Structures are given as structure tokens and as C-alpha cells.
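A.B. asks: Would you mind keeping the following structure in view while I ask a few things?
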Amino acid sequence: MNLPVPGPEWPDFSDTLPPRAPAVLDPPVPEAREPEGWLDALARDQRCVWPDFIPADTVDALHDEVYALRDAAQLAQARIGRGGDRHRDGATRGDWIHWLDGASPAQQAFMARLEEIRLQVSRTLIPGLFETESHFALYPPGTHYARHVDAFQAGNCRRLSLVFYLNRDWREQDGGQLAIHDTADRECQRIQPTAGTLVMFLSQSVPHAVLPTRRWRASIASWMRVRDLSGPLASLDRF
């Protein structure tokens, strides 16, 4: 399914691809290693952080892919709301997105790892997870995403949210952290959007926000869903 292409208001970013440090300066990243007790942490705390989720070369390939999409004007400004109420609101959400379709080896490798997660979580924690949807998300400098919950609306079948980061050499002063809130609206954790890190949290009960970023911030947002028995075609409304 083809996605909408931004119109002429999309600025020219062809000369602003963040430089990557020489390969010799990159610390070695181990092959994907499952953190001990991550399922227990997800059940206990409703969230967990998984460093070095996939190998560094796959992270770099995904990083380059999202910026290539940007330079080719193949990202669409993200919207909020559902169905006929979907609209753009830059004051609430500032990212530009492109849905993953497995078109590249890097996407296929990433999606295969998510499938392993889906199977484990479905067997042990959230029965009935049957589908994963993912999109690139690129935040220009000065943008953010206000505090929200991914699946509070009636009929939303998302149960597990996952955010995977593609940003090398990220510093505290760059902003753009993922801020996790508790149900009393108190911030309880900030997570750096560091390349290779995967964050998982329950879609229905974990409020979160993307703090304002001072440099380009790239990630992949994913959701694992249960089947919508009331409307089998409802999942198509995300397009």
C-alpha cells in the first residue's frame, strides 16, 4: 500500500545528514543478547529496556535508510487521532514517518527480531498478540511528542509498544529523551535515544512523551496488537 508523500512544503534536507563517526571509533557492539529477566521486568514494571537489540551494522543500515527516505521526500508528517478524526498537530506531535514493509534486508532483520519478541510475549504475558506494525519516526530539531498513552481509545488493539533508536553519539544535552510517567502523571524514568536500544512498555497503561530534541532524532516505533474481533479490517485505518 502506497503511503502519502509530503507536498512542496517539505524542506530540502539533502545536505543535513548527520555525519557518522569513523568506523574505527565506534565501540564494538555485541550480537543480540537477551537481557536476563526482561519478561519479568515487563510484567512487574510494565516496561523494560533492552540495549544492543540488534547488531551495529543493521542499526547503521536502518539509520541510513530513514535519512534516505527523508532526502527523497518519502516521509509523511505524523497525525494524531483515529479514523476520520486524524489530523496533523505539530504542537502535540512533530515526527515524520514511513511504515516499514520489509523492503530492505535491514528491515527484514529487524522485523524478524520483533517476531521473536512477539512469540515470547504472546506465550507468557499477553495472549493473542498476532500482528506487529512498525514505522520509522524522524524528529527534526525543535520538535517533540506530548505526553500520551498509545492505546487508551476504545477499539484500539495495541497491547505492547516498542521503540528502537538509531542515534549514534547521543548526548544528554541533545534532548529527545523518552520520558516515562506513572499514572499520577509523575515522571519516573528518562531513557536516552541511543542507537541499538529497544524500549518496551504496555500500550494501554504507560504514559510517555518525547522531550524536545535539539538535533535530528531517528527511531522505529512498533506496536504489537491483538485481533479486533468487532471489525476485522479495522487495522487498515492506520494508513
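Where a number appears in this text, it was derived from the coordinates with a stated rule and is not lab data. On a predicted model such as this, the values are computed, not experimentally measured, just so you know. Note that we place each Cβ from the backbone using ideal geometry, even for glycine, and neighbour counts take in every protein chain shown.
A.B. asks: Take Q120 and E133, extend 7 Å from each Cα along the Cα→Cβ direction, and tell me the distance between the two endpoints in nm.
C.D. replies: Calculated label separation equals 2.5 nm.
A.B. asks: Now a separate question. Expected output is a single nm value to one decimal: the length gained when fully extending between H148 and Q189, i.e. 0.36 nm times separation in residues minus the C-alpha distance. What is it? Walk me through the intermediate numbers first.
C.D. replies: Details: separation 41, 0.36 × 41 = 14.76 nm, distance 1.49 nm.
Between H148 and Q189, full extension yields 13.3 nm more.
A.B. asks: Grab the Cα-Cα distance for L69 and A41, subtract it from 0.36 nm times how many residues apart they are, and report the gain in nm with one decimal. Let's see the in-between values first.
C.D. replies: Details: separation 28, 0.36 × 28 = 10.08 nm, distance 3.51 nm.
Additional length available on full extension: 6.6 nm.
A.B. asks: May I pose another question? What's the Cα-based Rg to Rh of the stretch 85-141, Rh via Kirkwood? Don't jump to the answer; show the numbers that get you there.
C.D. replies: Working: Rg = 14.9 Å, Rh = 13.7 Å.
Reported Rg/Rh, Kirkwood definition of Rh: 1.09.
A.B. asks: Using only the alpha carbons of the stretch 95-185, determine the length spanned along each of the three principal axes and report them from longest to shortest in whole angstroms.
C.D. replies: Projected onto its principal axes, the Cα set of the stretch 95-185 covers 40, 40, 21 Å.
A.B. asks: For the stretch 58-217, list log₁₀ I(q)/I(0) at each q in 0.13, 0.17, 0.18 Å⁻¹, using the Debye formula over Cα point scatterers of equal strength and ignoring solvent, two decimals each.
C.D. replies: Summing over Cα pairs of the stretch 58-217 leads to -0.65, -1.19, -1.35.
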